[in-house]
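The values are calculated or read from the model by the stated rules, or taken from the named source; none is laboratory data. Since the model is a prediction, treat every value here as computed from it, not as a measurement. Methodologically, a virtual Cβ is constructed for each residue, glycine included, from the backbone with ideal geometry; neighbour enumeration extends over all protein chains shown.
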Amino acid sequence: MGRPFKFEAVLNQRQYREETARKIFADAARALNCAQATLSAMEDQRAQCRQVLRRKQHNGGKAMEIILYSRYLGRLEAEIQDQEKSVADLSIEKEDKRRELMATLKDRKVIEKLKERHLAELEREERETEQKMLNDAAISRYQRKH
């Protein structure tokens with residue numbers, strides 16, 4: 001092949017950045033999914049506890065048990081709010097990481113386009129050189145015959 005691609009090192013660096021950004025984005029997505037699953041479990045636990053509390057209130061449960069359930073529900077509600085905030089923060093972080101990944105993809109694609117143009121230019125030059133050689137050979141053959 002002809003000349004080497006001048007920006008090969010830049011392309012390799014951009015590919016590395018893209019891979020790193022992909023991993024970071026995947027980690028952020030996993031963290032968000034985990035936080036959402038935890039929130040869902042907490043909400044399920046809250047719903048179950050409310051049912052138990054209602055049953056105890058309707059069936060004349062002990063006052064101390066009802067107070068304990070009420071306090072537990074209050075604490076669980078605070079934990080759910082904290083988890084909701086955490087999910088919202090992780091969602092924002094995931095979106096930021098997605099944007100960073102998209103930016104690194106664009107950067108890499110710019111350099112890849114340059115490489116494609118470079119390779120197309122080399123191919124064109126090779127074809128021109130080959131055509132010139134064929135033309136010269138044909139001219140030489142023609143001149144020997146006449």
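The condition of being part of a helix (DSSP H, G or I), basic (K, R) and touching a residue at least 40 places away in the same chain (Cβ under 8 Å) holds for only one of R127, R98, that being R98. Only one entry in S91, S70 is hydroxyl-bearing (S, T, Y), at pLDDT 95 or above, part of a helix (DSSP H, G or I) and surrounded by 11 or more Cβ atoms within 10 Å (Cβ to Cβ), namely S91. Residue pairs whose Cβ atoms lie under 8 Å apart, sitting 6 or more positions apart in sequence or on different chains, and linking a residue in segment 33-52 that is among the acidic types (D, E) to a partner that is in a helix (DSSP H, G or I), are E43/I80. Listed by first and then second residue, the pairs linking a residue in segment 18-29 that is closer than 12 Å to S91 by Cα to a residue that is not in a helix (DSSP H, G or I), with Cβ atoms under 7 Å apart and 6 or more places separating them unless they lie on different chains, form an empty list.
Looking only at residues of segment 73-94 that are of a type in the set (A, V, I, L, M, F, W, C) and more than 29 Å from the chain's Cα centre (by Cα), we find that the one that is farthest from R22 (Cα to Cα) is L73.
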